Amino acid sequence: MKLEDTFLSALQGLSERKFRLGLNVLGILIGCAAVTGLVSITQGLSVEVTGQLDMFGPNNVMVIPFEIRPGRGIVGEGFNWRDINTLEKVSNVKRMAPIIANKFGTYKQRGDTYTANVFGVTPTYFDVYSSYEFVQGRALKQSDQGSIVIGHLIAHPGGSEEQLIETGDRITFTFYVGSLLKEATFRVVGVMEEIGGTFGSEDDRSVMMPFRDAQTIFETGSTVDFVALQVNEMENVDSVVDEIKEEFEGRVMVMSFEVIQEQIGQVLGTIEAVLGGIAAISLLVAGVSIINTMTISVMERTREIGILKALGSKSTEVLLLFISEATITGVLGGILGASLGFFMGVVVGDYIGLPVSVTYDLGLAVILFAVLTSVIAGIYPSWQAANLHPVEALRYE
């Protein structure tokens with residue numbers, strides 16, 4: 001029997017058993033759709049995080065004060081000016097920007113109240129994070145007082161398409177300082193470009209005010225929450241990180257571009273592996289279903305197999321016939337499942353605001369996995385069919 005004849009016979013056999021084919025394809029389809037959808041969302045999230053991480057800057061280092069105390073765990077009390085001076089003396093540091101963070105304020109726009117993340121920064125902050133771009137205005141200057149730079153969602157409160165706040169406008173904020181409420185009015189000197197994405201939305205809700213204004217409003221004194229450093233050369237980042245850790249003897253957390261990328265990669269890799277493993281269980285169930293239905297198919301077609309062998313068909317040709325049926329089932333289930341998975345991934349991603357990575361590589365890998373599952377599941381029934389004795393097969397009722 002020629003190869004094309006074997007393939008046509010397999011197609012004919014499947015077409016005569018459409019319901020059984022449909023069940024097998026459905027089992028493969030569900031598994032492939034689950035794998036494709038979950039992995040595409042995870043890969044899209046990974047691409048987005050990597051893109052947003054690029055804004056951090058490969059030469060930049062964030063130094064976060066913390067101390068491990070017995071019975072209290074990790075305790076952060078901020079940097080004082082002595083610590084700032086120590087960081088200034090670290091070798092190969094080009095720029096340094098102290099930051100007052102973890103502050104919040106509310107403002108009203110057209111009768112609605114909105115919340116903003118408030119940061120106290122020096123003009124150097126915008127030099128360290130030079131990837132920030134402005135749609136209007138400029139960054140803060142040393143001479144600024146009572147001025148702010150706002151993120152995209154502050155200028156577009158509630159996600160409105162219309163920009164409601166522009167440079168030159170004044171915004172009155174209410175700040176919560178302990179049990180006290182304080183009000184202050186600021187003039188907008190710059191509006192930052194939208195960062196967007198899952199994590200960038202926090203930056204889009206940010207307000208950057210002069211460092212001294214933040215000190216006065218939030219009564220922070222000489223305490224600084226974080227310090228951002230820019231290293232002169234990329235190859236010196238590791239040495240700067242090591243020197244800072246040595247100077248502070250474990251009292252700080254030092255986050256470099258490479259460290260953050262590695263940690264995020266590990267987390268996303270774990271999530272992708274877990275989700276992929278869960279989805280792969282569906283394919284395993286589909287494989288068991290294929291073994292069952294193909295075994296029954298061999299029993300039902302015992303006389304047909306006997307006739308083929310009596311007419312001179314070899315065992316290898318019978319084996320290839322049933323393997324071809326399993327392969328066709330896998331291809332159909334894989335293609336339909338990958339297509340449905342990408343569609344569901346895009347729909348779910350749009351609904352929950354997560355990006356989706358639709359790639360040919362993932363689709364091809366899922367289809368190949370489906371074919372492999374089907375072929376492996378069909379090997380035993382196919383071998384069983386190929387080893388039937390023609391005389392016994394013809395006697396089978």
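Each reported figure results from applying straightforward, stated rules to the coordinates on display, with no laboratory input. Because the structure is a prediction, the values reported are computed rather than measured. Virtual Cβ from ideal backbone geometry, glycine too; neighbours counted across all protein chains shown.
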Taking neighbour Cβ counts within 10 Å as the exposure measure, how do THR329, THR106 sort from fewest upward?
THR106, THR329
Using modelled amide H (1.01 Å from N, peptide plane; none on Pro or chain starts), what sits under 5 Å from the amide H of LYS103, excluding residues fewer than 5 places away?
VAL118
Pulled fully out, how much extra length does the chain show between TRP81 and TYR360, if you take 0.36 nm times their separation in residues and subtract their Cα-Cα distance?
95.1 nm
How much net charge surrounds PHE175 when only other residues with a Cβ under 12 Å from its Cβ are counted (Lys, Arg +1; Asp, Glu -1)?
-1
Cut-off 14 Å between beta-carbons: net charge of the residues surrounding GLN266, Lys and Arg +1, Asp and Glu -1
-3
Under 12 Å from the PHE66 label point (7 Å along Cα→beta-carbon), backbone N, the range 240-276
251-255
What are the ³J(HN,Hα) values, in whole Hz, obtained from phi via the Karplus relation 6.51 cos²θ - 1.76 cosθ + 1.60 with θ = phi - 60°, for each residue of the range 143-148 in sequence order, with x given for Gly and Pro?
7, 5, 8, x, 10, 9
Order these by the 10 Å Cβ neighbour count, fewest first: MET253, MET96.
MET253, MET96
Between GLU162 and GLU246, how high is the FRET efficiency from 1/(1 + (r/R0)^6) when r is the Cβ-Cβ distance and R₀ = 56 Å? Nearest 0.05.
0.60
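For the range 169-287, just say rounded, prolate or oblate: build the C-alpha gyration tensor, square-root its eigenvalues into a ≥ b ≥ c, call rounded for a/c under 1.5, and beyond that prolate if a/b exceeds b/c, oblate if not.
oblate
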For the pairs LYS89/LYS141; LYS94/LYS245; LYS141/LYS245; LYS94/LYS141, note any where the Cα-Cα span goes beyond 26 Å.
LYS141/LYS245
Residues whose modelled amide H sits under 5 Å from the amide H of PHE66, counting only those 5 or more places away in sequence or on another chain, are VAL252, MET253
In sequence order, what are the phi-derived ³J(HN,Hα) couplings for the range 256-266 according to the Karplus relation 6.51 cos²θ - 1.76 cosθ + 1.60 with θ = phi - 60°, rounded to whole Hz, with x for glycine and proline?
9, 4, 5, 5, 5, 4, 5, 5, 5, x, 5
Using θ = phi - 60° and the Karplus curve 6.51 cos²θ - 1.76 cosθ + 1.60, what whole-Hz ³J(HN,Hα) does each residue of the range 81-97 get, with Gly and Pro shown as x?
5, 5, 5, 4, 4, 4, 5, 5, 8, 5, 5, 6, 8, 8, 9, 9, 10
